[in-house]
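The values are calculated or read from the model by the stated rules, or taken from the named source; none is laboratory data. Note that the coordinates shown come from a computational prediction; the quantities given were computed from them, not determined experimentally. In this analysis, Cβ positions are derived from the backbone assuming ideal geometry, glycine residues included, and neighbour counts consider all displayed protein chains. In case anyone asks, the SASA skips ligands and DNA or RNA and just uses the protein heavy atoms, side chains included. Shrake-Rupley method; radii C 1.70, N 1.55, O 1.52, S 1.80 Å.
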Amino acid sequence: MKYKDTLNLGKTAFPMRGSLPKTEPERQQKWYDADLYNQRLAQNEKKPHFNLHDGPPYANGNIHLGHALNKISKDIIVRYKNMSGYYAPYVPGWDTHGLPIEQQLTKAGHDRKSMPKSEWRDLAKQFALEQVNKQRNDFKRLGIMADWDNPYITLQPEFEAAQVRVFGEMAGKGYIFKGSKPVYWSWSSESALAEAEIEYHDIDSTSLYYANKVKDGKGILDSDTYFVVWTTTPFTVTASRGITLGPDMDYAVIQPEGETRKFVVATGRLDVIASKFGWENYKTLATYKGQDLDRITAFHPWDESAEEMVMNADHVTLDSGTGLVHTAPGFGEDDFNVGQKYGLEVAVTVDEKGFMTASAGTDFEGEFYDDVVDLVIEKLSNKNLFLAKEKITHSYPFDWRTKKPIIWRAVPQWFASVDKFRQSILNDLDNVTFYPEWGKKRLYNMIRDRGDWVISRQRVWGVPLPIFYAEDQTPILDQTIINHVADLFEKYGSNYWFEHEAKDLLPADYTNEHSPNGLFKKEEDIMDVWFDSGSSWAGVMNTRKQLDYPADLYLEGSDQYRGWFNSSLITSVAVTGHAPYKNVLSQGFTLDGKGNKMSKSLGNTISPLDVANQMGIEILRLWTISVDTSQDMPVSNEILKQVSESYRKLRNTLRFLMANTSDFNYQTDAVTYAERAAHDQYFSVLLNNFIKDVRSAYDNYQFNDVFKRVINFVNVDLSAFYLDIAKDVVYVEAPTGHARRSMQTVFYETLLALTKLLLPVLPHTAEEVWEYLPNETTDFAYLSDMPEVQDLGDTTQLLETWEKFMIMRNSVNKALEEARASELIGKNAEAALTLYLTDEQQTLVSELNANIRMLLMVSQLHLESTTSDNSIKDYDGFKIVVSRAAGGVSPRDRMFHEDLGADPAFPELSKHEAEIIREFYPEAVSEGLE
RNA sequence: GGGCCUGUAGCUCAGUUGGUUAGAGCACUGUGUUGAUAACGCAGGGGUCACAGGUUCGAGUCCUGUCAGGCCCA
């Protein structure tokens, strides 16, 4: 018989390497085959609910790292909650309407104008659903446990119906109104364009400098004073209604030599302007801040029915022009915004084809907008207001399809009046908890400063605005009618709107005093897609019976303060008076290894599927908790490599625990806490605190705290200490003896706790471990519950004592290392230690009440009283002498013993070992050992 | 230009209400083992806390500015 056969070396088939790219998909298939998602929920049916509401990704394109981070984070939370006493469903969603999908159709060669709208919408729907399927498969590869068979999709009839009802509620409360607002307008395609449909080219334009005569100087400016303004779009002078100044910028009133008129120009532009206009000498009569001149008025250059208001806004710069900006609210976004603040008219003097309308004046009517420069100059010159013209080259927006220039032009739009319930929104934010805390401030500022919400889009692929027009063009916004439309959508889908006439969309007997002939028209615009996803609290949380409103948690990237967090909040407060979420968790963005934005053009992106296929999705999942997700997170191959090292450490540690508990049955062999050896009790306490800390980190969504605690526990407490000293027990001691069983009990509890605590992050690995735990009865680890914190009484004293021991151990290690360096010993087993202890240190030793020789992993230990002998080296307060161990080496435990051969049958073994052999391997007495 | 956020060892993170020589894990170097072995132990080196001012007896920690980076606006 061999010595080795009398040892209890660990045994397990659990592979050291995970082969994750290969095994993960197989394991996921098992989950889906077993319908694990619903199994877990069924088990939790009577528990309190925890609702994480999924923000819908846009159904277009491949999933990227941001998607992965988002879904993995949600999966971690949902899995944790389901294993911690909650019923936590996870209904994934997709955002499917909107322009990008229309653009994909165009790219694919479809022409929107060559087919009926309903047909175009069918194509869009088909495309969107294909994208959903593709993304769904990719999300499943990430190991996400969700209701993949029943997602919510914003194009689903029940979702659209709920959304329209939200709109109806808001209309019923008077929050919806019609106005107009500038948009990118392509006269060449007679259509509004989105930012994405525009490309920029350099063009030459004629810019004009002209003067506006003061009308009401408010006692500050004389009536012979003129504001000098500059414009690069002369046609907009016809719709000019204001002059915008920088509130903190300086303006001078000057009088050039030989001039009777006075001019207002920004001080910072005076030199440039004077030379441009040939003002050789001028005197400065006064200077003002922009804000001093607020609300002074001037005459429109020629239109007597209009006037120009002096306003202040921050967008004014001194880069060009005069520091005074001619402002036409119908033809520019800045102009519109500042105009709204001052209540200016939104004049639009160009029609949809780019021709001037009657409102521009009879001289202009019918002229093409780009051909009126000379006419404008003539009109200005007639009034002696023209100052100069100048050719400029600048970047200008073009229609990407027709390659013609575009203009800003106000068109009728539907608005949601945020102003009417802004204060309720702001107040209700106090009832929401934000992770991180600054999220509240960020959302608060945005809501506080935002304007009304433009909810209409001049597009086709979206939910129609359920509004009708009477014969005299009066819009009909009636909640009852809107709900009637919602009912139709619920039955037939929103394409019904495009397939039917207005009369078929209205209740059968509907009449309206504005339509004496019973004729009606329907609105052609659709809703902003943010209204779609912003209604999901109604379309999903309120609609599905296993979910509740408000949600416990919304979790998205920090860009969603402007997006989904924002739009959901607005619609929810508008309808119910409350936020749709109790908690909001926002995450940063993934950056490359240098901290820069990831982008395809820079070629620094990392695909989550590539990581899954090359390293395993477990690595990316582990990465997710290794970083502080509340901030931006760098990712690189180097970083992922480091994470995979951590994964290997975790995996190996689990493997070691499994190998050394493979002959252990917790039900029959476990040793109670009170009966455990001192070091096992100590480690039990460490484990218990570890469970408490990790659970608390999960509860607070502090993922990287989970990571840090796990890694430290595994490396420091387990690997470097407990598992290291353990080998001399679990390998060497009697297989069923108390010392070994005591330790195996703790091993098993540790293994089980680690496996469960890691499951939300590493579900594949946890399930793999589970297959090696025959005593655990559930089919899947995911059907088990999180380890509970035990009441072990007051452990403060115990921990303090052992912390002191760890300091002592540290000193001993240093002493041993020196002995090794001087070649006195090789391994620790060759050493005998002599410790010269102070009174305090002796107390520590007696309090430990443990086998200290074993804990220090040396063959022999001698404890002496402290000495004044200065030749004995002090290691951080401990006087230690290392010498060679006495006696001989046992080939079995490889330690030095002075009692080898005490049992004549076993001349090479110590007495203690011989006893073990006689009891557990009696055949060795006759066979002998070698 | 505005709102919000970030910048501590090669990497990922801790650093409490400002208080002694700034910590951890990984990586690295050396070394021991070869009964966790494409593993494990031990020891060690490594930081002008982005930069510059300021407040204070004292600042990684508070204030101001600069630089770099991110999200959202303009």
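Hey, A:PRO329 hits all of (1) at pLDDT below 80; (2) open to solvent by less than 30 Å² (accessible area, probe 1.4 Å); (3) under 30 Å from A:SER191 (Cβ atoms) but one; which does it fall short on?
That leaves (1) as the condition not met.
How many residues are open to solvent by 40 Å² or more (accessible area, probe 1.4 Å), modelled with pLDDT of 95 or more and more than 9 Å from RNA strand B (Cβ to nearest atom) when one looks only at the stretch A:636-662?
Total satisfying the criteria: 1.
Matching residues to (1) within 16 Å of RNA strand B (Cβ to nearest atom); (2) among the charged types (D, E, K, R):
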{"residue": "A:ALA781", "(1), (2)": "no, no"}
{"residue": "A:GLU788", "(1), (2)": "no, yes"}
{"residue": "A:GLU800", "(1), (2)": "no, yes"}
{"residue": "A:MET806", "(1), (2)": "yes, no"}
{"residue": "A:SER846", "(1), (2)": "no, no"}
{"residue": "A:SER865", "(1), (2)": "no, no"}
{"residue": "A:TYR875", "(1), (2)": "yes, no"}
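Okay, residues lined up against (1) among the aliphatic types (A, V, I, L, M); (2) assigned to a helix (DSSP H, G or I):
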| residue | (1), (2) |
| --- | --- |
| A:GLU24 | no, yes |
| A:GLN29 | no, yes |
| A:ARG40 | no, yes |
| A:LYS74 | no, yes |
| A:VAL78 | yes, yes |
| A:GLY85 | no, no |
| A:LYS113 | no, yes |
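Filter the stretch A:428-477 for residues that are part of a loop (DSSP other than H, G, I, E, B) and among the polar types (S, T, N, Q) and give the result.
Passing the criteria: A:GLN458, A:GLN473, A:THR474.
What is the residue count in the stretch A:575-586 for residues that are surrounded by 21 or more Cβ atoms within 10 Å (Cβ to Cβ), in a strand (DSSP E or B) and either in contact with an Asp or Glu (Cβ under 7 Å, 6 or more places away or on another chain) or without any contact (Cβ under 8 Å) to a residue 60 or more places away in the chain (or both)?
So the answer is 1.
Given the options A:PHE531, A:PHE468, A:PHE489, name the one that is more than 39 Å from the chain's Cα centre (by Cα) and crowded, with 22+ Cβ neighbours inside 10 Å.
On inspection, the qualifying residue turns out to be A:PHE468.
Considering each of A:LEU69, A:LEU105 in turn, give the residue that is open to solvent by less than 60 Å² (accessible area, probe 1.4 Å), in contact with a helix residue (DSSP H, G or I) (Cβ under 7 Å, 6 or more places away or on another chain), closer than 23 Å to A:TYR496 by Cα and in a helix (DSSP H, G or I).
A:LEU105
List the helices (runs of 4 or more DSSP H) that sit entirely inside the stretch A:478-542 and contain at least 3 residues that are of a type outside the set (Phe, Trp, Tyr).
Fully inside the stretch A:478-542 and qualifying: A:479-492, A:502-505, A:529-534.
Looking at the stretch A:297-305, can you tell me whether even one residue there is surrounded by fewer than 16 Cβ atoms within 10 Å (Cβ to Cβ), within 55 Å of the chain's Cα centre (by Cα), assigned by TED's automatic domain parsing to the domain that holds A:PRO234 and not in a strand (DSSP E or B)?
yes
Can you pull out every residue in the stretch A:691-709 that is in contact with a Ser or Thr (Cβ under 9 Å, 6 or more places away or on another chain), part of a helix (DSSP H, G or I) and either within 12 Å of RNA strand B (Cβ to nearest atom) or under 15 Å from A:ALA850 (Cβ atoms) (or both)?
A:PHE703, A:ASN704, A:ASP705, A:PHE707, A:LYS708
Assess whether A:MET311 counts as being more than 16 Å from RNA strand B (Cβ to nearest atom) and either surrounded by fewer than 22 Cβ atoms within 10 Å (Cβ to Cβ) or not aromatic (Phe, Trp, Tyr) (or both).
No.
Grab the strands (runs of 3 or more DSSP E) fully contained in the stretch A:166-235, keeping just those with 1 or more residues being at pLDDT below 75 and not small (Gly, Ala, Ser).
Output list reads A:191-193, A:198-216.
Go through the stretch A:72-101 and count every residue that is within 30 Å of A:ARG459 (Cα to Cα), open to solvent by 10 Å² or more (accessible area, probe 1.4 Å) and under 20 Å from the mean Cα position of the chain (by Cα).
Number satisfying all stated conditions: 1.
Restricting the search to the stretch A:119-137, which residues are within 13 Å of A:PRO57 (Cα to Cα) and among the charged types (D, E, K, R)?
Result: A:LYS134, A:ARG136.
Select from the stretch A:711-721 the residues that are out of contact with any helix residue (DSSP H, G or I) (no Cβ under 7 Å at 6 or more places or on another chain) and open to solvent by less than 20 Å² (accessible area, probe 1.4 Å) and list them in ascending order.
Once the filter is applied, which keeps residues that are out of contact with any helix residue (DSSP H, G or I) (no Cβ under 7 Å at 6 or more places or on another chain) and open to solvent by less than 20 Å² (accessible area, probe 1.4 Å), the stretch A:711-721 yields only A:PHE721.
For the stretch A:591-690, list the helices (runs of 4 or more DSSP H) that sit wholly inside it and hold at least 1 residues that are over 30 Å from A:LEU792 (Cα atoms); which are they?
Of the helices (runs of 4 or more DSSP H) lying wholly inside the stretch A:591-690, those with at least 1 residues that are over 30 Å from A:LEU792 (Cα atoms) span A:608-614, A:617-626, A:637-659.
Could you check A:GLN797 against (1) open to solvent by 20 Å² or more (accessible area, probe 1.4 Å); (2) free of Cβ contacts under 8 Å to residues at least 60 places away in the same chain; (3) more than 30 Å from A:LYS692 (Cα to Cα) and say which number it fails?
(3)
Within the stretch A:201-243, which residues are open to solvent by 10 Å² or more (accessible area, probe 1.4 Å) and of a type in the set (Phe, Trp, Tyr)?
Passing the criteria: A:TYR226, A:TRP230, A:PHE235.
Based on this model, can you work out whether A:GLU927 counts as at pLDDT below 95 and loosely packed, with under 13 Cβ neighbours inside 10 Å?
It is true that A:GLU927 is at pLDDT below 95 and loosely packed, with under 13 Cβ neighbours inside 10 Å.
Identify the residue in the stretch A:722-747 that is hydroxyl-bearing (Ser, Thr, Tyr) and open to solvent by less than 10 Å² (accessible area, probe 1.4 Å) and, among all such residues, is nearest to RNA strand B (Cβ to nearest atom).
Top of the filtered list is A:TYR722.
Looking only at residues in the stretch A:301-315 that are of a type outside the set (A, V, I, L, M, F, W, C) and touching a strand residue (DSSP E or B) at 6+ places or on another chain (Cβ under 6 Å), which one is nearest to A:THR327 (Cα to Cα)?
Ranking the qualifying residues of the stretch A:301-315, first place goes to A:GLU308.
If you scan the stretch A:842-888, which residues turn out to be of a type in the set (Ser, Thr, Tyr) and surrounded by 15 or more Cβ atoms within 10 Å (Cβ to Cβ)?
Those that are of a type in the set (Ser, Thr, Tyr) and surrounded by 15 or more Cβ atoms within 10 Å (Cβ to Cβ): A:SER859, A:THR866, A:TYR875, A:SER883.
Give the residue that is least open to solvent (accessible area, probe 1.4 Å), with candidates limited to residues of the stretch A:1-14 that are farther than 20 Å from A:MET895 by Cβ and either within 10 Å of RNA strand B (Cβ to nearest atom) or touching a His at 6+ places or on another chain (Cβ under 9 Å) (or both).
A:PHE14
Any idea which of (1) within 16 Å of RNA strand B (Cβ to nearest atom); (2) outside any helix (DSSP H, G or I); (3) surrounded by fewer than 13 Cβ atoms within 10 Å (Cβ to Cβ); (4) within 49 Å of the chain's Cα centre (by Cα) is the one A:TYR772 doesn't satisfy?
Against the list (1) within 16 Å of RNA strand B (Cβ to nearest atom); (2) outside any helix (DSSP H, G or I); (3) surrounded by fewer than 13 Cβ atoms within 10 Å (Cβ to Cβ); (4) within 49 Å of the chain's Cα centre (by Cα), A:TYR772 comes up short only on (3).
Report the residue count in the stretch A:776-789 for those that are in a loop (DSSP other than H, G, I, E, B), closer than 29 Å to A:TYR682 by Cα and touching a Leu at 6+ places or on another chain (Cβ under 9 Å).
Count: 4.
Test each condition in (1) within 26 Å of A:LYS173 (Cβ to Cβ); (2) acidic (Asp, Glu); (3) modelled with pLDDT under 90 for A:ASP399 and report the one that comes out false.
All conditions pass for A:ASP399, except number (1).
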